[in-house]
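The values are calculated or read from the model by the stated rules, or taken from the named source; none is laboratory data. Predicted, not measured: the structure shown is a model, and the values here were computed from it. Using ideal geometry, Cβ is built from the backbone for each residue, glycine included, and neighbour counts are taken over all protein chains shown. For accessibility, only protein heavy atoms count, side chains too; no ligands or nucleic acids. Shrake-Rupley method; radii C 1.70, N 1.55, O 1.52, S 1.80 Å.
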Amino acid sequence: QVQLVESGGGLVQPGGSLRLSCVASRIIFSDYTMAWYRQAPGNQREFVAGIASSGGTNYFDSVQGRFTISRDNAKNTLYLQMNNLKPEGTAVYSCYAGHQGRTYWGEGAQVTVSS
């Protein structure tokens, strides 16, 4: 059974940093486009950042320059470095994997940005 397991969430003050990780199992990780999405209470899930199997990246406009997505194919792990976090970044952050019509989601990690 494919699993995506996120970690690294928590409570951080505005302006602070967190790094999320997502470990994938039972997929050929290097083949997959990977991404981070987030969902705040009362809002729809939104795209945060993505990274292709080639390593190309793209970001939601509001996180550009503050967040960095990366992957370590040897460790089957996806990362999201989040700097200068803002209160509107409070959400459940979920890991996504997609390849040739197959898609998988992690259960998510809570990130709370509050003083």
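What a 1.4 Å probe finds exposed on the chain is 43% carbon and sulfur by accessible area, rounded to a whole percent.
Ordering Gly42, Ser21, Val63 by the projection of their Cα atoms onto the charge dipole of region 1-102, which places +1 on the Cβ of Lys and Arg and -1 on the Cβ of Asp and Glu, puts Ser21 at the extreme positive end. Annotation: amide H of Phe60 within the under-5 Å range of Ala49, sequence separation 5 or more or interchain, hydrogens built in the peptide plane.
Computed extension length for Gln39-Ala52: 2.5 nm, one decimal, from 0.36 nm per residue of separation with the Cα-Cα distance subtracted.
Here the Karplus curve 6.51 cos²θ - 1.76 cosθ + 1.60, taken at θ = phi - 60°, turns the phi angles of region 98-114 into couplings of x, 6, 6, x, 9, 10, 9, 10, x, 7, x, 10, 7, 10, 10, 10, 7 Hz, with x standing for Gly and Pro. Accessible area per residue for the chain, computed on protein heavy atoms with a 1.4 Å probe, is 53 Å².
Per residue, the average separation of C-alpha pairs within less than 8 Å and at least 6 apart gives the chain a relative contact order of 36 percent. Rounded to the nearest 20 debye, the dipole magnitude of the chain is 100 debye, with +1 charges on Lys and Arg beta carbons, -1 on Asp and Glu beta carbons, and the Cα centre as origin. Its Cα gyration tensor gives region 1-61 an equivalent ellipsoid; the semi-axes, largest first and in whole Å, are 23, 15, 13. Across the chain, Cα-Cα distances exceeding 26 Å account for 13% of all pairs. If you take the Cα centroid of region 67-91 and the Cα centroid of region 16-54, the two points sit 8 Å apart. Binning the alpha carbon pair distances of region 27-95 at 5 angstrom intervals from zero yields the distribution 3, 17, 28, 24, 15, 9, 3, 0, expressed in whole percent.
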